[in-house]
Amino acid sequence: MSAGGRYRYLFSPLRVGSLTLANRIVFSAHLTNYATQSGMPSAQHAAYYEARAAGGAGMIITEEHSVHPTDWPYEKMIHAFRPEVVEGYRRITAAVHRHGVPILAQINHNGGQASSMYTRRPLWAPSPVPDPLFREVPKAVDQHEIDEIVRSYAAVAARCIEGGFDGVELQCSHSSIVRGFLSPATNHRTDGYGGGLVNRARLLHEIVAAVRHALGPAPVLGVRLCGDELIEGGTTIDEAVALAVAIEERGGVDYINTSIGVATASLYMIEASMHVPPGYATFIPSAIRAAVRLPVVGVGRFKDPLQAERALAEGHADLIGVVRGQIADPDFAVKARAGRTEDIRLCLSCNQECVGRMGLNRWLGCIENPDTGREAAPVGPPRPRAAVTLATGAHLTAAAAPDGTPHTTSGTTAPHLVVAGGGPAGLQAAVSGAQRGWRVTLLERQSQLGGQVRLAATVPNRAELGDLVRNLAGEARRRGVDIRLGVKATAERVEMLAPDAVIVATGAHPQRPWWAPPPDGGGERICDVVDVLTGAAHPTGSVVVIDDIGFHHATSVAELLADRGCQVEIVTKSMVVGQDLGITLDMESWWFRASAKGIVQTIDRVAMGYDAGTLTLLHHPTGANETRSPDWVVLAVPPRPADELYLSLAERAPGAEWLLHRIGDCLAPRRAHAAVVEGQRVVDEIARALPPSAPATSSGTLTPGTVSGPARSEIAAGAGR
Amino acid sequence: MNLLSPLDLRHHTARCRVLFGPHETNLGDGRAFSDRHVAYYRARAEGGAGIIVTEEASVHATDWPYERCPDAGLAGPGWAAIAAACRPTGTLVVAALGHSGGQGSSAYSQRELWAPSDEPEVNSREVPKVMEGADIDAVVAGFAQAAATAAGAGLDGVEVNAGQHSLIRQFLSGLTNRRGDGYGTDRVRLAREVLTAVRSALGPDPILGLRLSCDELAPWAGLTPELAADVARELAPLVDYLVVVRGSIFSVAETRPTGHHPEGVNLELAATIRQAVDGAVPVVAQGSIVEADQADEALAAGRCDAVEMTRAQIADPALVAKLRRRETPRPCVLCNQWCRVRDNRNPIVSCIADPRAGHETSDPAEPAGRPPGRDPAAGHPLPRPGLGDSAESGGPLLVVGAGPAGLEAARVAARLGLAVTVWEASPDVGGMARVVARAPGHHRFARLIGWLADDAVAYGVELVTGRSATDDEVAAWPGPVIVATGGRPAPPGFEVAPGAVVLTPEAVLAADDAARAELVPESVVIWDPLGGPIAVGVAEALAWTGRRITVCTPDPIVGTLLSLTGDLPGANVRLQQAGIAIERRVLLRRAAPGTATIEHRFSAERTELEAGAVIDCGHRLPAEGPGPDGGPARAHGPRPVRVGDAVAPRTVGDAIREGRAAALALAPAGRTVAAPAGVGAP
């Protein structure tokens, strides 16, 4: 098979300015919150980007760096306007260049899309129009200030080259003072910088000229443009195309990157969740590419190589931004190139630990990759790195054999880990144990793996959540975990397996709140979300869904039932139904769908009783009582730990030869990320506790039992700073 | 007994009965105390505080409730530095220790929360792990270890948190403790074990305080004053002082309420507990105590033995010193805008009245100096224009506008010794802050305005009202000019049909009842695209008057930005109790005579609402003229400097900070701006 195998477009080189990229996969700019408290790049930045370079990305573009002290919208932003930033730049660029991958710095000023909380200075923007998110009236910049902005871009560009970057990208697309000037929605000026597109683009052209002058001829200069702001009176595709043409005509720019939406108004379409179809923004690079000769980058939920290959083949773009795909699996590119597409840990587009943590000022992670965000201080054993020579495109070498080779040959002294439960927690524990070279037996009561995630993936538009199970189960199988389905783990059965360590990951049981009678006590028309998804209950007619959890549970089942013809009302005691959908950027699309499906959302009501089909609700702000008489009540309420096996084993543990742990919902019912993180961490704890006389033996690059990393809290602190 | 009299605590004596309580600051260097912490506490120590309780430190790795929450394991050096900075001034320094239990966050630790039972946390909805026996032992040991560290660092003692955000309260409360073991049948057991272990770790000398929620405001299962009295009686022999607070998982905002709650909100509760413990332990009252008079009365009436005045000392670090000198401290306005910093963005604790708070290491101190002539407490001297050595700074200063920015600029410049004249176009000083003060819960903004004006006048500022400034006058002024002319309403962001009535919030608030009856019709739509305190304040000002009121917001919740002040739930409850209708997730499209048309953001459905008037609470624009930045050069002095809303309409705090900075920039060469001297000693 030729280099690139089934993806001949994706793995064909491309010249961008003075650079030749080995392939078309770009790790495009995105926030990480890895900067230090004082605004400097961290060791974590370098390790994070290096992992993606080692994983074969064609080009990396860092997160935005602020060019001017008036721009500090969120705490952990890199202060490129301070000369001492260069030291951190060199650490990043050296780490990435070690793998032969070019890296650009994205430089930016967020303008009015910001807060003065950190700067304690007025915001700068084209016009005194408050941003829809930050809602702070900015100062309209005067000519003197415009000149200062242009100079600061140039100075920072020069600093980036000094720091070893191969060039810079100007973010003019979704959160930028340049966007502010470009967009008729935020530029109300009457001087030479306002009015027609020529005037609104004047700042951009001035910055490009100044930056190119500062860079000199060789370094790459890219411009990222928004193809549709998705706001009233904002920029749309025709103007974006005209702007791209104007940029090309003026020269100095080597490529055009694209995006959609405004970060502070329509973010849910910039970092779209699984509810938005893949390729939703491809019309933008497609239209621009038809009008310019410069290479054009397309982005927007490209999550597998096949989809990226198709966009290239169809001529929509020259390069494809794969961000979340490489957050989830840094080896996205090498695996694709090696034809191991099935091995890629596919992004779910769940947004829970990447996008969802950014707005909360927390470091970037990944729901299914517990190493993301901790690259600088790995917790587990060294990851068996695929040894890839990018220059030659060689396939995975024997050094990576542990990836695919079980080493559970009998007669070794490898510890035996028994995992009870095949949901995300148990699967991750099994994978982590196998990664250390242990013998792992996983017992799952049901006939399928995946636990609650498998159920959650059956509702409308949530299927991609199921990739979490697919990825973990595939990894477990590749690593030789002995998976026994349909086997209920009992204390006796576990002991008979002669384990060295037992991890209980048996999940949770649905439970009824105090006010809900049991099925045989008048509550036969009350059921749990789980009952609806398993088919154990089949509500019809009018349904009230009680949302005590505030995530997808209530909204998903409401949608499912509405699609089946039910009249659905969701009731919550909170101020918002499905409150945390806002964190994952699912709230807007939920509201569009709920409005279309006629789902009623009722807030501020606490369920207080249910008698003979009548549900009593208390409107807690006023103390007023209300009733409903629905055909069914569906509960989206916290379950309780399924800790029977754990407790039964805990009784035997004191005299036993094995270590005992519990993880995931069995410890405390939470979300999938907690399960995955604990699955990995508990294996590290066991590795530290196992007697040194019985170390795991393994082949290849695994060095089990020898890693004693810092406590997780220290790592998190380091990563977050 | 009064506020300034000493208080014996175990083997120590507090020099006065004013406590600076523990609170989140986000000043940390990661989870360690920082130089900024040291400077922040030092300023309050030098200002005369009796007892300083440092920001609560977590005693166990399972507790990481906010990113910069101090970690007791890292706190030793910081505590030592704070002790070294503060104790020489005569203040006692005590370390707050705690564990947030189920009210913590798993976002930073990436591990499970610990709690007595599996009751989900009300706000995060996260289900905690039910603590096992070994977990409880580990937490008790963590408290003891932290106490030993604190004592070893040279602090005077520790304060254990059983208040609103605490694991110990979660064990004490039937709301959160449904255990069947000995920690459930005896819910005080954990508190007892912690206090006993802490005392043992401290040794006999250091102070051990307890912060106890004595009313969870959830009588169906929570701690009531009666139950709390029993708890307090039982624990009193183990501790050296008891701070009475209230609030729980259902009432997070109640511990540090805004001006919507009465001042001294917990004084009755403190009195109840003090009576119950019957002298066994001194009782500290807490809760919106910001006026020395109220504190003194409470002490005199025997409701408490000491008072916590935390926000009052954020607003004025020299509160006690000023009281000793019979000066009026800079007032806290109970707004919570900049001091309540439990926010993911990690804002640094500060104060809209004194923006230097929290920034002691970077911002210059207010210029010291005595007001000319006479004791300001005895009354205001007449304005004395031309008093200062203005020649040094290029002539007298003209400040145009007497809102917060202009007043702050004027009074600071006067303290620098400049001759200062203020021209205010309207008949009253205060600008928008004066208008805002007319909204319910915001009355203390008027006190701040009064204090700024009094201080300015006391330092010789000539304050002229009813006097506007033209461009020519500004150009001709023989010295520096600061333009603080505020803002103006922006044009409506919706269609206004002929004959439609569109009012500004300032017009509605500024009007007295009679004028309002004329101005505001029976039905109004309040349009709030910003989500701040203004629209809610206008709605509340009109509430209970028989008018039919609808507040329209593009957001899922009315007043979303109030989450920062803690007033979000309270505001929504007050509006609903007043029968005010709320339209969420809508855009105001059109105001017409008698009606307003809104459009739902997601269904695109349009609805016509009854509206005799629309009150447009949208953003404002900077005032035009006089003398904008970059304007024509003037014959004398530099170009005018704009400050506050005249630059970009923002908050009172921004205005004060910029007004002060503009004045300090006029400091005559050689005159250094240094920390005030000679304060703090009794």
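Give me the pairs: first residue in the range A:103-122 and over 13 Å from A:His65 (Cβ atoms) and more than 10 Å from every other protein chain (Cβ to nearest Cβ), second residue assigned to a loop (DSSP other than H, G, I, E, B) and aromatic (Phe, Trp, Tyr), beta-carbon distance under 9 Å, and six or more apart or on different chains, which are they?
Partner pairs satisfying both residue conditions: A:Gln113/A:Phe134; A:Ala114/A:Trp72; A:Ala114/A:Tyr74; A:Ala114/A:Phe134; A:Thr119/A:Trp72.
Is the range B:24-33 home to any residue that is over 23 Å from A:Leu360 (Cβ atoms), in contact with a Gly (Cβ under 8 Å, 6 or more places away or on another chain) and touching a residue at least 60 places away in the same chain (Cβ under 8 Å)?
no
Taking the range B:98-157, which residues are aromatic (Phe, Trp, Tyr) and either within 9 Å of chain A (Cβ to nearest Cβ) or within 30 Å of A:Gly550 (Cβ to Cβ) (or both)?
Listed by number, the residues that qualify are B:Tyr108, B:Trp114.
Within the bounds of the range A:104-113, is there any residue that is of a type in the set (Gly, Ala, Ser), touching an Asp or Glu at 6+ places or on another chain (Cβ under 7 Å), farther than 30 Å from A:Ala376 by Cα and assigned to a loop (DSSP other than H, G, I, E, B)?
Yes, the range A:104-113 contains at least one residue that is of a type in the set (Gly, Ala, Ser), touching an Asp or Glu at 6+ places or on another chain (Cβ under 7 Å), farther than 30 Å from A:Ala376 by Cα and assigned to a loop (DSSP other than H, G, I, E, B).
Could you tell me whether the range A:635-652 includes any residue that is part of a helix (DSSP H, G or I), within 13 Å of another protein chain (Cβ to nearest Cβ) and at positive phi?
So far as the range A:635-652 goes, no, none of its residues is part of a helix (DSSP H, G or I), within 13 Å of another protein chain (Cβ to nearest Cβ) and at positive phi.
Here's the yes/no breakdown for (1) touching a helix residue (DSSP H, G or I) at 6+ places or on another chain (Cβ under 9 Å); (2) more than 29 Å from B:Glu308 (Cβ to Cβ); (3) of a type outside the set (Ser, Thr, Tyr):
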residue: B:Pro88; (1), (2), (3): yes, no, yes
residue: B:Gly98; (1), (2), (3): yes, no, yes
residue: B:Gln103; (1), (2), (3): yes, no, yes
residue: B:Ser106; (1), (2), (3): yes, yes, no
residue: B:Pro120; (1), (2), (3): yes, yes, yes
residue: B:Ser124; (1), (2), (3): yes, no, no
residue: B:Gly157; (1), (2), (3): yes, no, yes
residue: B:Gln164; (1), (2), (3): yes, no, yes
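Please count how many residues of the range A:556-580 are under 27 Å from the mean Cα position of the chain (by Cα) and over 18 Å from A:Thr458 (Cα atoms). Walk me through how you get there before you give the answer.
Residues of the range A:556-580 under 27 Å from the mean Cα position of the chain (by Cα): A:556-560, A:574-580.
Going one step further and asking which of them are over 18 Å from A:Thr458 (Cα atoms), we end up with A:574-580.
Qualifying residue count for the region: 7.
Could you list, in sequence order, the residues of the range A:496-519 that are surrounded by fewer than 22 Cβ atoms within 10 Å (Cβ to Cβ) and touching a helix residue (DSSP H, G or I) at 6+ places or on another chain (Cβ under 7 Å)?
A:Pro510, the sole residue that qualifies.
Just checking, how many residues over the range A:423-437 are in a loop (DSSP other than H, G, I, E, B) and at negative phi? Walk me through it before giving the result.
First, the residues of the range A:423-437 that are in a loop (DSSP other than H, G, I, E, B): A:423, A:436-437.
If we keep only those that are at negative phi as well, we get A:423, A:436.
The qualifying residues number 2.
Condition check ((1) more than 29 Å from B:Pro355 (Cβ to Cβ); (2) in contact with a Phe, Trp or Tyr (Cβ under 6 Å, 6 or more places away or on another chain); (3) modelled with pLDDT of 95 or more) across all residues:
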residue: B:Ala611; (1), (2), (3): yes, no, yes
residue: B:Gly618; (1), (2), (3): no, no, yes
residue: B:Leu621; (1), (2), (3): no, no, yes
residue: B:Glu624; (1), (2), (3): no, no, no
residue: B:Pro632; (1), (2), (3): yes, no, no
residue: B:Gly637; (1), (2), (3): no, no, no
residue: B:Val641; (1), (2), (3): no, no, no
residue: B:Ala646; (1), (2), (3): no, no, yes
residue: B:Ala655; (1), (2), (3): no, no, yes
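Can you name every one of the strands (runs of 3 or more DSSP E) wholly within the range B:237-338 that holds 3 or more residues which are of a type outside the set (Phe, Trp, Tyr) and either touching a residue at least 60 places away in the same chain (Cβ under 8 Å) or under 22 Å from B:Val652 (Cα atoms) (or both)?
B:241-245, B:306-308
Looking at the range B:569-578, which of the residues that are within 9 Å of chain A (Cβ to nearest Cβ) and within 25 Å of B:Glu599 (Cβ to Cβ) is farthest from the chain's Cα centre (by Cα)? So that I can check it myself, show each step before the final result.
Residues of the range B:569-578 within 9 Å of chain A (Cβ to nearest Cβ): B:569, B:572-577.
The next check asks that each one be within 25 Å of B:Glu599 (Cβ to Cβ); those that pass are B:572, B:575-576.
Details: B:Asn572: 20, B:Leu575: 23, B:Gln576: 25 Å.
Within the range B:569-578, the match that is farthest from the chain's Cα centre (by Cα) is B:Gln576.
Take the conditions in contact with a helix residue (DSSP H, G or I) (Cβ under 8 Å, 6 or more places away or on another chain), within 14 Å of chain B (Cβ to nearest Cβ), closer than 30 Å to A:Cys350 by Cβ and part of a loop (DSSP other than H, G, I, E, B) and apply them to A:Arg670. Does it pass?
Yes: the conditions hold for A:Arg670.
Please determine, by comparing only the residues of the range B:71-84 that are surrounded by fewer than 21 Cβ atoms within 10 Å (Cβ to Cβ) and under 16 Å from B:Ala39 (Cα atoms), which one is farthest from the other protein chains (Cβ to nearest Cβ).
Checking each candidate, the answer is B:Ala84.
For the range A:455-471, name all the residues that are in contact (Cβ under 8 Å) with a residue 24 or more places away in the chain and of a type outside the set (A, V, I, L, M).
A:Thr458, A:Pro460, A:Asn461, A:Arg462, A:Glu464, A:Asp467, A:Arg470, A:Asn471
Considering the range B:542-568 alone, what residues qualify as being within 30 Å of B:Val341 (Cβ to Cβ), among the hydroxyl-bearing types (Ser, Thr, Tyr) and either touching a strand residue (DSSP E or B) at 6+ places or on another chain (Cβ under 8 Å) or more than 13 Å from chain A (Cβ to nearest Cβ) (or both)?
Of everything in the range B:542-568, those that are within 30 Å of B:Val341 (Cβ to Cβ), among the hydroxyl-bearing types (Ser, Thr, Tyr) and either touching a strand residue (DSSP E or B) at 6+ places or on another chain (Cβ under 8 Å) or more than 13 Å from chain A (Cβ to nearest Cβ) (or both) turn out to be B:Thr553, B:Thr565.
Please verify whether the range B:454-470 includes one or more residues that are surrounded by fewer than 23 Cβ atoms within 10 Å (Cβ to Cβ) and under 26 Å from B:Pro262 (Cβ atoms).
Among the residues of the range B:454-470, at least one is surrounded by fewer than 23 Cβ atoms within 10 Å (Cβ to Cβ) and under 26 Å from B:Pro262 (Cβ atoms), which makes the answer yes.
Let's see how each residue does on (1) modelled with pLDDT under 95; (2) more than 19 Å from B:Val53 (Cβ to Cβ); (3) aliphatic (A, V, I, L, M); (4) touching a Ser or Thr at 6+ places or on another chain (Cβ under 7 Å):
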site	(1), (2), (3), (4)
B:Ala271	no, yes, yes, no
B:Gln275	no, yes, no, no
B:Val283	no, no, yes, no
B:Ser288	no, no, no, no
B:Asp293	no, yes, no, no
B:Asp296	no, yes, no, no
B:Ala300	no, yes, yes, no
B:Ala306	no, no, yes, no
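Looking only at strands (runs of 3 or more DSSP E) that fall completely inside the range B:393-508, which ones have 2 or more residues that are within 14 Å of chain A (Cβ to nearest Cβ) and either modelled with pLDDT of 95 or more or touching a His at 6+ places or on another chain (Cβ under 7 Å) (or both)?
On the way: elements: B:397-400, B:420-424, B:462-465, B:481-483, B:487-489.
Those strands (runs of 3 or more DSSP E) span B:487-489.
Going through the range B:222-246 one residue at a time, which ones are under 18 Å from B:Val307 (Cβ atoms) and in contact with a Ser or Thr (Cβ under 8 Å, 6 or more places away or on another chain)?
If the condition is that a residue be under 18 Å from B:Val307 (Cβ atoms) and in contact with a Ser or Thr (Cβ under 8 Å, 6 or more places away or on another chain), then B:Val245, B:Arg246 are the ones that fit.
Looking at A:Ser152, is it in a loop (DSSP other than H, G, I, E, B) and buried (at least 21 other Cβ atoms within 10 Å of the Cβ)?
No; evaluated as a whole, the condition is false for this residue.
How many residues does the range A:325-356 contain that are under 20 Å from the mean Cα position of the chain (by Cα), crowded, with 24+ Cβ neighbours inside 10 Å and of a type in the set (D, E, K, R)?
Total meeting the criteria: 3.
Does A:Ile603 satisfy the condition of being in contact with a helix residue (DSSP H, G or I) (Cβ under 8 Å, 6 or more places away or on another chain) and either free of Cβ contacts under 8 Å to residues at least 60 places away in the same chain or on the phi < 0 side of the Ramachandran plot (or both)?
Judged against the criteria, A:Ile603 is not a match.
Could you check, for the range B:21-36, whether at least one of its residues is in a helix (DSSP H, G or I) and aromatic (Phe, Trp, Tyr)?
No.
The values are calculated or read from the model by the stated rules, or taken from the named source; none is laboratory data. Not measured: the values here are computed from a predicted model. No Cβ is skipped: glycine too gets one built from the backbone with ideal geometry, and neighbour counts run over all protein chains shown.
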